[in-house]
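This report refers to the structure that appears directly beneath it.
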Amino acid sequence: MGVEKWIWLRLKLIADAGLVGLPNAGKSTFSAAVSAAKPKIAGYPFTTLHPNLGVVSIGERDFVLADLPGLIEGASEGAGIGDRFSGHVERCGVLIHLIDGTRDDIKGAYKTIRGELTAYDERSGEKPELVVLNKIDAIDPDELKEKVKILKKASKADVLLVSGVTGKGVDQVLYDIVGVLDAEKAAKVEAARRKIEPNWVP
């Protein structure tokens, strides 16, 4: 006798790096500036309704960058676009957390995304992360200095400064992504080597 059942399949894109952040953080502008991807760019929330992949070339290296739809508070429980695309984060080697520098509550913007990633899956919240303050071309120098200080304290990490529109600081972010990916690859190779040769010393 046959058995009938429903099977839900969930596609998870494979990308080396993933752009995460609140809606309108400038993720699509950044993606379009560094790759051949052609994401929809507009001045209203949720313009990115599905992940966009683009190949980024920097120096002599290439990597795949995923522009993921913006998350909002409660996304892990279905708010906004919900967690439909949070699963793609699982396949990314490093996350580029883009924060809109023109927002008043920089700390809140950062904490919201971190909270949603962890609520979806603790492993996603533990992934390597680059904290990037975007839209610096639209911020007064004194205000920028204060926001960097606040974000650095909230994230406990160095803060990279970029403008997706002018391109300022973008190359530094890309080189840092490559650095993290290389470090992750080296760590995996070493772990695999130790399984074969427990006494191996690099």
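What follows is calculated from the coordinates using simple rules that are stated; it is not laboratory data. Since this is a predicted model, take the numbers as computed values, not measurements.
Determine the gain in length on full extension of the stretch ALA186-LYS111; use 0.36 nm per residue of separation and subtract their C-alpha separation, reporting nm with one decimal.
24.0 nm
Provide, in order from the shortest bin, the percent of all Cα-Cα pairs of segment 134-202 in each 5 Å bin, continuing until the bin that contains the maximum pair distance.
3, 14, 15, 16, 14, 9, 8, 8, 6, 5, 2, 0
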